[in-house]
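Written out below as structure tokens is the structure these notes cover.
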Amino acid sequence: MKIGVSCYPTFGGSGVVASELGMGLAERGHEVHFITYAPPGRLNLYLPGVYYHEVTVPDYPLFEYPPYSLALASKIAEIAEREGLEIKNSHYAIPHAASALLAKDMLRGKLKVVTTLHGTDITLVGRDPSFLPVTRYSIERSDAVTAVSLFLRDEVCRTFTCDVDVKVIYNFIDPRDYDGLHPEPIRNRFAPNGEKLLVHISNFRPVKRIQDVVETFLAVRQSIPTRLVLVGTGPELPLAGQMIHRAGADADLILLGATNAIEEIITACDLMLLPSETESFGLAALEAMGCGVPVIATDVGGLPEVVDNGKTGILTKVGDVPAMVEAATRLLTDNAGREAMGAGAKEAAFRRFHIDCVLDQYEAVYRGLA
């Protein structure tokens, strides 16, 4: 099949999933065309069957806010007609689904639109009065709608009160990405004296509760030599630096920014902290599980669908820093218990969230529209 994909190419779960999904489909013989304003960071443009088409927005003085959604719709229509696209999979409702539907109308219905909902496009952006009507329209008019968790599917029904059959297709990992990882070089560099390593990966928005990450780290550090590894960029990252500086712990903070070496970094760490206010799935938690690293996360959103509390990680209430500190301290001082939990997490990740199973499900959705 010939499939078009639009996503945000920034450092975030929806772009990662869209990229990995597209590459997996290309490996199965499909032709996958990415249509967005920049190449997604995880996308291998040298892979056979993968194509990239840049969306450009004219810098015209009349436009105080350049109309990216219209430029995207035009580009989707152009590529769909020229390349003979059959399916357009839009990751994140705004603006990708709306733009795809406009392109479909431009092509007189000759394109099927699949909308994949990832989370904040429903729980935050989609609820905003400025976007709620167009988000509802995009969901209702799509030929098929998928969501990355049961939680998110239920949120769609609650938020938009629309009668749409939303199919749950979980996010996934490819076990091949976790083969042959060697944590020693990174661990020797970041923990030269045998310190424990806590890691947090996110886009550092307020919903990620970065202050809880830092408070947990500082409390654990009082009794166990520990360093904190932060991966990603975003508005709350300076807050983390300020809190750690005030505590005099700058020497134990490792800032890595946005990087694609996610598996190598996580494998070198002992625990992941994910104290989010909400998570529709929690891809970072799944990536940690794939590395055999236990996750301490919050019992919210789709995270309980990913992390089996007490078996593959620890779930706490939102804002319960003492509980996170207790869990981290317990696991960091029990190497055998931590390793056993990590092994269970890895087995569960590969069994329940294997890319092959997810590719089968997306292919079934696409073929159902043919």
Item to complete: Could you figure out which of (1) crowded, with 21+ Cβ neighbours inside 10 Å; (2) over 17 Å from R205 (Cα atoms) isn't true of E264?
Response: (1)
Discussion item. Every residue in the stretch 71-97 that is buried (at least 21 other Cβ atoms within 10 Å of the Cβ), farther than 21 Å from Y60 by Cβ, under 24 Å from the mean Cα position of the chain (by Cα) and among the aliphatic types (A, V, I, L, M), please.
Written reply: I87, A93, A97
Item to complete: Out of the residues in the stretch 242-266 that are touching a Leu at 6+ places or on another chain (Cβ under 7 Å) and farther than 12 Å from F190 by Cβ, state the one that is modelled with the lowest pLDDT.
Response: E263
Item to complete: Consider only pairs whose beta carbons are under 7 Å apart and that are at least six residues apart or on different chains; among these, list those whose first residue lies in the stretch 153-182 and is surrounded by 12 or more Cβ atoms within 10 Å (Cβ to Cβ) and part of a strand (DSSP E or B) and whose second residue is at pLDDT below 90 and not small (G, A, S).
Response: V166/V156
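Taking A284 as the residue in question, decide whether it is closer than 30 Å to L25 by Cβ, in contact with a Ser or Thr (Cβ under 8 Å, 6 or more places away or on another chain) and not in a helix (DSSP H, G or I).
On the way: closer than 30 Å to L25 by Cβ: yes; in contact with a Ser or Thr (Cβ under 8 Å, 6 or more places away or on another chain): yes; not in a helix (DSSP H, G or I): no.
No; evaluated as a whole, the condition is false for this residue.
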Worksheet item: Of the residues R367, R352, which is among the basic types (K, R), surrounded by 15 or more Cβ atoms within 10 Å (Cβ to Cβ) and either on the phi < 0 side of the Ramachandran plot or at pLDDT 95 or above (or both)?
Response: R352
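Can you name every residue in the stretch 330-355 that is of a type outside the set (K, R) and in contact (Cβ under 8 Å) with a residue 60 or more places away in the chain?
Just the residues of the stretch 330-355 that are of a type outside the set (K, R), to begin with: 331-337, 339-345, 347-350, 353-355.
Hits for the stretch 330-355 are L331, L332, T333, A349, F350, F353, H354, I355.
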Item to complete: Could you grab me the full set of residues in the stretch 75-104 that are in a helix (DSSP H, G or I) and in contact (Cβ under 8 Å) with a residue 60 or more places away in the chain?
Response: I76, I79, A80, E83, H96, S99, A100
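Can I254 be described as assigned by TED's automatic domain parsing to the domain that holds P183 and within 18 Å of the chain's Cα centre (by Cα)? Steps first, answer last, please.
Numbers: assigned by TED's automatic domain parsing to the domain that holds P183: yes; within 18 Å of the chain's Cα centre (by Cα): no.
Spelling it out, it is not the case that I254 is assigned by TED's automatic domain parsing to the domain that holds P183 and within 18 Å of the chain's Cα centre (by Cα).
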Discussion item. Going through V213, V229, V207, V199 one at a time, which residue ends up being part of a helix (DSSP H, G or I) and either closer than 21 Å to V293 by Cα or outside the structural domain of P183 (by TED's automatic domain parsing) (or both)?
Written reply: V213
Response to the item:
By residue number, the members of the stretch 271-305 that are β-branched (V, I, T), touching a residue at least 40 places away in the same chain (Cβ under 8 Å) and surrounded by fewer than 24 Cβ atoms within 10 Å (Cβ to Cβ) are T278
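Could you tell me which of the residues P185, P133, P192, P225 is farther than 24 Å from G282 by Cα, touching an Asp or Glu at 6+ places or on another chain (Cβ under 6 Å) and surrounded by fewer than 22 Cβ atoms within 10 Å (Cβ to Cβ)? Outline the logic, then answer.
Working: P185 fails: touching an Asp or Glu at 6+ places or on another chain (Cβ under 6 Å); P133 fails: touching an Asp or Glu at 6+ places or on another chain (Cβ under 6 Å); P192 fails: touching an Asp or Glu at 6+ places or on another chain (Cβ under 6 Å).
It is P225.
The values are calculated or read from the model by the stated rules, or taken from the named source; none is laboratory data. It should be emphasised that the depicted structure is a prediction, and the values quoted were computed from it without experimental measurement. Don't worry about glycine lacking a Cβ; one is built from the backbone with ideal geometry, like all the others, and counts go over all protein chains shown.
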